[in-house]
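The values are calculated or read from the model by the stated rules, or taken from the named source; none is laboratory data. Keep in mind that this is a model prediction, so the values were computed, not measured. In this analysis, Cβ positions are derived from the backbone assuming ideal geometry, glycine residues included, and neighbour counts consider all displayed protein chains. The accessibility values were calculated without ligands, DNA or RNA, using every heavy atom of the protein model including side chains. Shrake-Rupley method; radii C 1.70, N 1.55, O 1.52, S 1.80 Å.
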Amino acid sequence: MATPRYQVIKQYLLDRIESGEYAPHHQIPPEEQLAKQFDVSRMTANKAIRDLVQEGRLTRQAGLGTFVTDQKAESPLLEVTNIAEEVRQRQHVYSNQVLVCEAVPADDETALRLSVRLGAEVFHTILLHEENGVPVQLEERFVNPRWVPNYLTTDFSKHTPNEVLVASCPITDLEHIVEAVLPDARAAEWLRIAEQEPCLQMTRRTWSDDHLISYARLLHPGTRYKLRSAVRRG
């Protein structure tokens, strides 16, 4: 069965958005031009655009035209949030890949960051978080087994590391350090980006009362992610 013509136009626009040819805030061709290009009615072209507006990929500006929305994922800087919930709140599809799930002896850096003795057993995971099938965060996490003993047995297709930690030990304190970095070859391959693409790296430590629970490095492609903070004074 032939693909409906509006779907052909819709896919044509999506392909250019996802390839970067139509960058965020880029104005797409008007309905009349698309209708002529694909030899369809203006109503058919309008349906393709309307669908993409409803999906949050395009936005209409009265009197100006239709533009590509900024699809960067966004996280609050002053809170610990569940990335799966963030993605779903944007009405997008969340998925992840578990790349590493193991118990390892703490090396110098991990022992220092997690406040355990050198060589002590810690839990180590690496997850790739995706939004609509596109990687938006590479999460490497070390967890103190004393406080979250069931961590490695988690089904991460159903529960994110954040959900597991919060359920086991309600988070009372956190530390965030954010810096711009370039990914190493392995991270770039997992994130499906070039090694020259700048990334935002958030280093996070979380406590439950006096217990240091987790140390994580969260790596985000700079073109796909942004951080937000808000402070109320007075």
* Could you please let me know if SER95 is open to solvent by 30 Å² or more (accessible area, probe 1.4 Å) and either at pLDDT 95 or above or more than 21 Å from THR206 (Cβ to Cβ) (or both)? => yes
* Kindly establish whether LEU212 is modelled with pLDDT of 90 or more, outside any strand (DSSP E or B) and over 19 Å from the mean Cα position of the chain (by Cα). => no
* Structure fact -> Of the residues in the stretch 13-47 that are under 28 Å from ARG192 (Cα atoms) and surrounded by 15 or more Cβ atoms within 10 Å (Cβ to Cβ), the one that is modelled with the lowest pLDDT is ILE17
* Just to be sure, is LEU212 open to solvent by 50 Å² or more (accessible area, probe 1.4 Å) and farther than 25 Å from SER95 by Cβ? -> no
* Asked: Within the group GLU195, GLU175, which residue is in contact with a helix residue (DSSP H, G or I) (Cβ under 6 Å, 6 or more places away or on another chain) and of a type in the set (Asp, Glu)?
  -> GLU195
* Exactly one condition in (1) assigned to a loop (DSSP other than H, G, I, E, B); (2) more than 19 Å from HIS92 (Cβ to Cβ) is not met by PRO24; state its number. => (2)
* To do: May I ask you to list pairs of residues, at least six apart or on different chains, whose Cβ atoms are under 6 Å apart, with the first in the stretch 13-28 being under 14 Å from LEU52 (Cα atoms) and the second being among the hydroxyl-bearing types (Ser, Thr, Tyr) and assigned to a loop (DSSP other than H, G, I, E, B)?
  => ARG16/TYR22
* If a residue has to be in contact with a Pro (Cβ under 7 Å, 6 or more places away or on another chain) and without any contact (Cβ under 8 Å) to a residue 24 or more places away in the chain to count, how many in the stretch 121-160 make the cut? -> 1
* What number of residues within the stretch 134-167 satisfy the criterion of being among the hydroxyl-bearing types (Ser, Thr, Tyr), buried (at least 16 other Cβ atoms within 10 Å of the Cβ) and over 19 Å from the mean Cα position of the chain (by Cα)? -> 2
* Asked: Can you find even one residue in the stretch 183-198 that is assigned to a loop (DSSP other than H, G, I, E, B), under 29 Å from GLN91 (Cβ atoms), under 16 Å from the mean Cα position of the chain (by Cα) and of a type in the set (A, V, I, L, M)?
  -> yes
